[in-house]
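Undergrad: Next up is a structure, given as structure tokens.
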Amino acid sequence: MNHIAGLMTSRIYLSHDQVIRKGDSADNLAFLISGKLQVVDLTEDGREIGIQFIHPGTYFGELSVIDGKPRSASVISVKTSEVAFLPNMQARELIFHNPTIAQRLMTHFAQVVRAASSQRTLLSIPNAFQRVFAQLQTFVMVNNQGAVIEGLPRQHEIAIMVNTSRETVSRALHTLMKLNIIEKQGSMLIVKQPEKLKQAATIGIDDTEVPKK
Ligand SMILES: Nc1ncnc2c1ncn2[C@@H]1O[C@@H]2COP(=O)(O)O[C@H]2[C@H]1O
């Protein structure tokens, strides 16, 4: 594997830089070394839809390397990120001739298909507030403090994921705080009433319950 590292080149991207552009032809497989990226697609009328975040240690840009078709989506940098690239030929060699890599790739595809199905269901929720609540639910994990959301994406990133405005995300978060369903503690959100969050995502929130101040 060491010879692979020698074939890779790396590049730094600043926040909002485009790492991959939808429709371009592919000449490499990419690997995120540090930072954070987001896979986004554009609708016909130019709106961005966030598909998935990419975290360090993950490769991306594999679809076009495998099928030789143009890039299926764009990938943008959410914060300063370092990305390493492996040229197409070596990437294909690795994918098609190394059973361990091929197996990992299949597991990766299974995760991608599952996540894509869930996000599609989430995006079919007609109410934008409920879409935000449902998206928040997908970030919840349980640690020794109970149900928490660590590393909450920024409001505009959530907005892109659930196809709404940043203002709607902000209002939805404030509503949950007013109802004491979530509480901000530093960079973490504590989900004080997980059942209520679930309920908000599935049936919504009754406006009359929200304290005016
Ligand atoms: N639904 C998805 N879920 C996760 N990653 C995706 C999804 N669609 C596209 N991508 C990634 O975005 C990349 C865009 O370029 P590629 O099509 O080469 O490869 C793609 C994948 O790595």
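The values are calculated or read from the model by the stated rules, or taken from the named source; none is laboratory data. All of these numbers come straight from a predicted model, not from anything done at the bench. Note: ideal-geometry Cβ built from the backbone for every residue, glycine included; neighbour counts use all protein chains shown. Keep in mind that these areas ignore ligands, DNA and RNA; they rest on the heavy atoms of the full protein, side chains included. Shrake-Rupley method; radii C 1.70, N 1.55, O 1.52, S 1.80 Å.
Undergrad: Could you please state how large a percent of the accessible area of the chain is carbon and sulfur, counting protein chains only and using a 1.4 Å probe?
TA: 54
Undergrad: Additional query: Given the rule -39500 (n - 2.57) for each run of at least 4 DSSP H residues, summed and divided by the residues of the chain, what is its mean residue ellipticity at 222 nm, to the nearest 500 deg cm²/dmol?
TA: Details: 8 runs with 90 residues, N = 213.
So the calculated ellipticity at 222 nm is -13000 deg cm²/dmol.
Undergrad: Separate question: In nm, to one decimal, how far is the Lys69 label point from the Gln199 one, both placed 7 Å along Cα→Cβ?
TA: Computed distance between label sites Lys69 and Gln199 equals 4.4 nm.
Undergrad: Quick check: pseudo-label points 7 Å beyond the Cα along Cα→Cβ at Ser10 and Lys178, how many nm apart are they?
TA: Placing both labels 7 Å along Cα→Cβ, they lie 4.7 nm apart.
Undergrad: Can you compute the FRET efficiency between Gln18 and Leu123 using 1/(1 + (r/R0)^6), with r the Cβ-Cβ distance and R0 = 30 Å? Round to the nearest 0.05.
TA: Values: r = 23 Å, r/R0 = 0.77.
Approximately 0.85, to the nearest 0.05.
Undergrad: Same structure again: Cβ neighbours within 10 Å, averaged per peptide: list 34-44, 77-87 in order, most packed at the top. The partial results should precede the final answer.
TA: Values: 34-44: 16.5, 77-87: 18.7.
Highest mean packing first, the order is 77-87, 34-44.
Undergrad: Is region 144-184 best put as rounded, prolate or oblate by its Cα gyration tensor, with a ≥ b ≥ c the root eigenvalues, rounded for a/c under 1.5, and otherwise prolate when a/b is larger than b/c, oblate when not? Don't skip to the answer; put the middle values down first.
TA: Numbers: a/c = 3.08, a/b = 1.46, b/c = 2.11.
Oblate is the answer for region 144-184, as a/c is 1.5 or above yet b/c matches or exceeds a/b.
Undergrad: With a point put 7 Å past each Cα toward its Cβ, work out how far Ser25 is from Gln111 in nm, to one decimal.
TA: Computed distance between label sites Ser25 and Gln111 equals 3.1 nm.
Undergrad: About the Cα centre of region 1-75, how large is the charge dipole given +1 on each Lys and Arg Cβ and -1 on each Asp and Glu Cβ? Please answer in debye to the nearest 20. All intermediate terms of the calculation are to be shown ahead of the outcome.
TA: Working: 7 positive and 9 negative charges, 41 e Å.
Here the size comes out at about 200 debye.
Undergrad: Dipole of region 147-213 (Lys/Arg Cβ +1, Asp/Glu Cβ -1, origin at the Cα centre): which of His156, Ala172, Pro211 lies farthest to the positive side?
TA: With unit charges placed on the Cβ atoms, the residue in question is Pro211.
Undergrad: How much accessible area per residue does the chain have, in Å², with a 1.4 Å probe? Walk me through the numbers on the way to the answer.
TA: Values: 12380 Å² over 213 residues.
On a per-residue basis, the chain sits at 58 Å².
Undergrad: Sort region 128-209 into rounded, prolate or oblate with this rule: let a ≥ b ≥ c be the square roots of the eigenvalues of the Cα gyration tensor; rounded if a/c is under 1.5, and if a/c is not under 1.5, prolate when a/b is larger than b/c, oblate otherwise. List each step's numbers first, then the result.
TA: Details: a/c = 1.60, a/b = 1.15, b/c = 1.39.
Since a/c reaches 1.5 but b/c is at least a/b, the shape of region 128-209 is classed as oblate.
Undergrad: So how do 23-33, 120-130 stack up, highest first, on mean other-Cβ count within 10 Å? Provide the component values of the computation, followed by the final result.
TA: Working: 23-33: 17.5, 120-130: 14.0.
The densest-packed peptide leads the list: 23-33, 120-130.
Undergrad: Count the lysine pairs in the chain whose Cα atoms sit under 23 Å apart, keeping only pairs 8 or more residues apart in sequence or on different chains.
TA: 21
Undergrad: Any idea what the relative contact order of the chain is, in percent, if you count C-alpha pairs under 8 Å spaced at least 6 apart? The partial results should precede the final answer.
TA: Working: 365 pairs, mean separation 40.7, N = 213.
It comes to 19 percent, rounded to a whole number.
Undergrad: What is the helix-to-structure angle for 99-123, meaning the angle in degrees between its Cα long axis and the longest Cα principal axis of the chain, kept from 0 to 90 and rounded to the nearest 10?
TA: 30
Undergrad: Okay, moving on. Could you state the number of Å between the C-alpha centres of region 158-193 and region 24-46?
TA: Using only Cα atoms, the two centres lie 26 Å from each other.
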